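Bear in mind these aren't lab numbers, they're just calculated from the coordinates by the rules spelled out. Please read all numbers here as calculations on a predicted model, not as lab measurements. Glycine gets a Cβ as well: all are built from the backbone with ideal geometry, and neighbour counts include every protein chain shown.
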Amino acid sequence: MRINFILDGIGTSGGVRMVFNFANFLFHRGHQVTVYSRRNKLPENLNELKHWLLIRKLDLFTPFPHCFPIHFVNDLKDSSKITDADRVIATACSTAFIVNGYPQSKGEKFYFVQDFENWANSSKMALQSWLLPLKTIVTCQHLLSLFKTKTGKKPFTLVYYGLEDQFFNHQKKRFFPHKKQAVVTMIYNSTERKGGLDGIAALKTVKKEFPETIFNLFGIDQTIKKYRHWANIHYFPTQNRILDLYRQTDIFVSPSRKEGFGLPGLEALANKCALASTGVGAVCEYSQPGKSSLISPPKNPRALAENIIKLLKNSEKIKYFALSGFKQAQRFKMATAGPKFEKVLSA
């Protein structure tokens with residue numbers, strides 16, 4: 001099949017990464033795959049320009065490995081810039097409306113729903129995108145239930161995210177207390193929905209009780225730098241560096257207030273980390289609370305901190321949770337998800 005994915009932009013988000021994962025899988029299966037992305041305009045603000053230049057320097061316009069061609073276009077609405085295909089797939093709220101307007105020559109229309117995007121658009125617009133006559137593919141039961149509640153109908157189908165096999169840590173791992181210091185890692189984003197400030201508050205509480213603990217923060221949010229006096233800061237880390245961080249980590253912390261899926265938690269489980277997380281997105285689908293994760297309510301830094309402290313006080317549980325989570329994460333491999341995605345497109 002000729003398959004086109006339509007992205008509103010390419011960055012380092014988990015959603016873009018999953019588009020690349022599925023596109024790579026389909027390419028290797030012999031399909032003619034192309035990704036189209038809106039070309040980003042040069043920022044006018046000086047700080048934004050510095051940020052843009054850093055992205056350019058680190059090649060983060062195409063931050064994930066890919067085998068397929070990527071075409072950057074000024075206006076995705078101009079269908080003459082998009083080659084005819086058998087299938088065309090919107091990957092976000094904004095591109096759903098664009099794909100809906102394409103002529104039939106661009107292929108059968110799908111919408112890869114990864115979140116209810118009222119954080120980037122109005123709730124009305126996010127809902128309207130779900131009501132478009134596109135075949136919707138949701139990525140977890142959480143989104144399936146939300147879709148049914150919001151629209152009164154079922155999505156076309158559900159296909160879970162899938163991680164590449166090389167993203168799983170098949171090597172033996174040393175856990176605290178069998179190494180000198182525990183390592184606690186968190187991805188940091190200061191936007192309200194990601195709960196970064198909740199996570200910082202939780203980690204500071206943990207540090208008071210366990211001052212010898214090593215804390216790692218990583219992300220692309222510039223405000224991360226102000227925590228360098230008590231945490232190791234990894235600003236704009238490469239994918240390989242992120243993988244290294246996971247493999248050094250005993251406890252991974254996910255403080256989000258809202259998520260469509262919550263990919264970092266799954267990545268952490270695939271790399272044998274115990275998980276302390278809020279119960280948002282698909283966290284309780286890919287982890288088993290009480291066996292591979294400790295779950296706290298969103299917007300509750302104290303409860304999140306208490307769960308991290310529980311693991312540090314009962315440190316033998318870290319290994320138990322980590323190995324249990326690793327087993328559960330096996331259900332979310334691209335070897336399983338890819339064929340399901342392909343089958344949906346072929347139906």
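Using only alpha-carbon positions in the chain, the gyration tensor eigenvalues give semi-axes of 35, 22, 19 Å once each is multiplied by 5 and square-rooted (largest first).
Taking a virtual spin label 7 Å from the Cα of residue 193 along the C-beta vector, which residues in region 137-159 bring their backbone nitrogen under 11 Å of it? Nothing falls inside the zone, counting backbone N under 11 Å. If the limit is 32 Å between Cα atoms, which of 109/333; 81/226; 153/299; 109/327; 81/343; 81/150 go over it? From 109/333; 81/226; 153/299; 109/327; 81/343; 81/150, over 32 Å: 81/226; 109/327; 81/150. For region 227-238, backbone phi angles converted through the Karplus equation (6.51, -1.76, 1.60; θ = phi - 60°) give residue-by-residue couplings of 9, 5, 6, 9, 9, 7, 9, 10, 8, 6, x, 6 Hz, Gly and Pro being listed as x.
How do the peptides 1-12, 266-277, 287-298, 123-134 rank, highest first, by the average count of neighbouring beta carbon atoms within 10 Å per residue?
Working: 1-12: 20.3, 266-277: 28.3, 287-298: 18.7, 123-134: 15.5.
Sorting 1-12, 266-277, 287-298, 123-134 by mean packing, highest first, produces 266-277, 1-12, 287-298, 123-134.
Between rounded, prolate and oblate, where does region 166-331 land on the alpha carbon gyration tensor, with a ≥ b ≥ c its root eigenvalues, rounded for a/c under 1.5, else prolate if a/b exceeds b/c? Rounded is the answer for region 166-331, as its axis ratio a/c remains below 1.5.
Applying the Karplus relation 6.51 cos²θ - 1.76 cosθ + 1.60 with θ = phi - 60° to region 72-84 yields 3J(HN,Hα) values of 9, 10, 6, 9, 5, 5, 6, 5, 5, 7, 10, 5, 4 Hz, where x marks Gly and Pro.
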